[in-house]
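Colleague: Pasting a structure below so you can have a look.
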Amino acid sequence: MTTIKKTAEGKLLIYGATGYTGTLICHEAARRGLDFEIAGRNQHKLSELAQQLRVPYHVFDVNDRASWEKSLRGKTCLLNSAGPFSQTAELAMQACISHQVHYVDITAEVEIYRLAESKNLSAEAAGIMILSGAGLFSTYDPLVVHTARRVKNPVALRAAFQYSGGFTPGSIASSANIINAGILIRRNGLIEKLTEAESSEFDFGAGPQQCFPTPLGAVVLCYKSTGIPNIEEFFQMALPASEESDHSTVQGGEINPDKVEEPSRILAEVTGADGSVVRSMAIMRAGYMPTVTAAVEVASRILNGFCKAGFQSPASVYGEALLETLEVIVIDL
Ligand SMILES: NC(=O)c1ccc[n+]([C@@H]2O[C@H](COP(=O)([O-])OP(=O)(O)OC[C@H]3O[C@@H](n4cnc5c(N)ncnc54)[C@H](OP(=O)(O)O)[C@@H]3O)[C@@H](O)[C@H]2O)c1
């Protein structure tokens, strides 16, 4: 057996460890030599995974306060990968505040980012960081910071995410929450909910493509990192090119969002006060692996003591340099 050198000082708890993404996160954490334990509500799956990874495990429902206390004892950070996060984040954040443990999750639900923002003062008082959205936004948010730096006094952001890959049941359940949030934009510094909004064209490199207004979360997270007062965001799903890649979705009983080869892309367009417009694009692997590597990178930094108390976004704490540690290509257009 290979002995892996521990690369971080603190100890991590991964809740929701046996979901599709949680399991990948656990394997990545083990590969990187992090010191961690796993948790969730399914005894059978947890004991199997714990045996494979040779780590301790905790079985409990998210509303079980005594178990949070026990499982968070001696931990530096919780990585919550149990979604939909509308069912898990608030109780997990509360447990982290009570037991002074940093909180990270991989949610894509914008209402959870707003929830995290609302916990700013209690997180500061507890001396912990709450970083919700360490998945997609670990690329998206630093990309926006990078793009915003290319103009003087950035006043507007339009961003589009072209996703390539499938979806797990957890993501499908979460997407209902994303849609139910309505179309959120930021105008003159304030979040507004629109009843209707038009689609818009973005060129990811193969000509203009229609993208749909979607509340991905930049109105909260990129506002935190850049303070840009006007933000709109759009989404486009790259459809599977062949029947084989159809299996990357949950169709046919097989769950593998990572089977698609075409990369995902994020395009950020920032306008400066003088009217100049700049665009930068991030190109990354399809599917969920970018989330897995980013979440473990963020957790590892926290275990090594790199964090800021209060509500943070990936770039508000780690800046655009976070991109350098991820498998992302950034192009200034
Ligand atoms: N933004 C991103 O970049 C990104 C990328 C990937 C995933 N995600 C999000 O991460 C979440 C998990 O995705 P996944 O792919 O792992 O989905 P999944 O394979 O369906 O797994 C969901 C996990 O969450 C747990 N869970 C669900 N509701 C729970 C509750 N009320 N209490 C405790 N545990 C609960 C499940 O536990 P049981 O097995 O006991 O049901 C399971 O471990 C989703 O919300 C997804 O949208 C975000």
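Quick note: the coordinates plus some simple rules give every number you see, no bench work behind them. What you are looking at is a predicted structure, and each value in this text was computed from that prediction instead of being measured. Positions of Cβ are backbone-derived with ideal geometry, glycine not excepted, and every protein chain shown enters the neighbour counts.
Colleague: Could you give each residue of the range 272-277 its phi-based ³J(HN,Hα) in whole Hz, using Karplus coefficients 6.51, -1.76, 1.60 with θ = phi - 60°, and x for Gly or Pro?
Modeller: Per-residue couplings from phi come out as x, 4, 7, x, 6, 10 Hz.
Colleague: On to the next question. Mind checking which helices in the chain clear 20 Å along their axis (Cα) and have mean Kyte-Doolittle hydropathy of -1.0 or more, DSSP H runs only? Mind dumping the intermediate values first?
Modeller: Numbers: long enough: 289-303 (21 Å, 1.09).
Counting only whole DSSP H runs, the qualifying helices are 289-303.
Colleague: Can you put CYS77, CYS222 in order of Cβ neighbours within 10 angstrom, beginning with the fewest?
Modeller: Values: CYS77 28, CYS222 32.
Ranking CYS77, CYS222 by Cβ neighbours within 10 Å, fewest first, gives CYS77, CYS222.
Colleague: Please state the Cα pair-distance histogram of the range 112-223 with 5 angstrom bins from zero: what percent is in each bin?
Modeller: With a bin width of 5 Å, the distribution comes to 2, 9, 16, 21, 23, 16, 8, 3, 1, 0.
Colleague: How large is the charge dipole for the chain, taken about the Cα centre, if only the Cβ atoms of Lys, Arg (+1) and Asp, Glu (-1) carry charge, to the nearest 20 debye? Mind dumping the intermediate values first?
Modeller: On the way: 28 positive and 36 negative charges, 247 e Å.
Roughly 1180 debye for the chain.
Colleague: Follow-up. Per DSSP H run of n ≥ 4, the term is -39500 (n - 2.57); total these for the chain, divide by its residue number, and report the mean residue ellipticity at 222 nm rounded to 500 deg cm²/dmol.
Modeller: Details: 12 runs with 115 residues, N = 333.
Taken over the chain, the calculation gives -10000 deg cm²/dmol.
Colleague: To the nearest 0.05, what FRET efficiency results for LEU121 and LYS193 with a Förster distance of 22 Å applied to their C-beta separation? Kindly include the intermediate steps, with their values, before the conclusion.
Modeller: Working: r = 25 Å, r/R0 = 1.12.
Efficiency computed from Cβ-Cβ geometry: 0.35.
Colleague: Once Lys and Arg get +1 and Asp and Glu get -1 on their Cβ, which of MET237, VAL62, SER86 lies farthest toward the positive end of the dipole of the chain?
Modeller: With unit charges placed on the Cβ atoms, the residue in question is VAL62.
Colleague: Put a dot 7 Å past each Cα toward the Cβ at LYS152 and GLU69; how far apart are the dots in nm?
Modeller: Result for the modelled spin labels: 5.8 nm.
Colleague: So, in the chain, how many Lys pairs have Cα atoms under 19 Å apart, if the pair is 8 or more places apart or on different chains?
Modeller: 11
Colleague: Using only the Cα atoms of the range 99-169, each taken as one equal point scatterer with no solvent, compute I(q) by the Debye sum, divide by I(0), and report log10 of the ratio at q = 0.11, 0.12, 0.17, 0.24 Å⁻¹.
Modeller: -0.39, -0.46, -0.83, -1.13
Colleague: For the chain, what does the equivalent ellipsoid look like in terms of its semi-axes, each the square root of 5 times an eigenvalue of the Cα gyration tensor, given largest first in whole Å? Display every interim value, and only then the final one.
Modeller: Numbers: eigenvalues 196, 105, 68 Å².
For the chain, the semi-axes come out at 31, 23, 18 Å.
Colleague: Can I ask one more? So who's got an amide H within less than 5 Å of the one on PHE36, skipping anything under 5 residues away but keeping other chains? H placed 1.01 Å off N, in plane.
Modeller: LEU12
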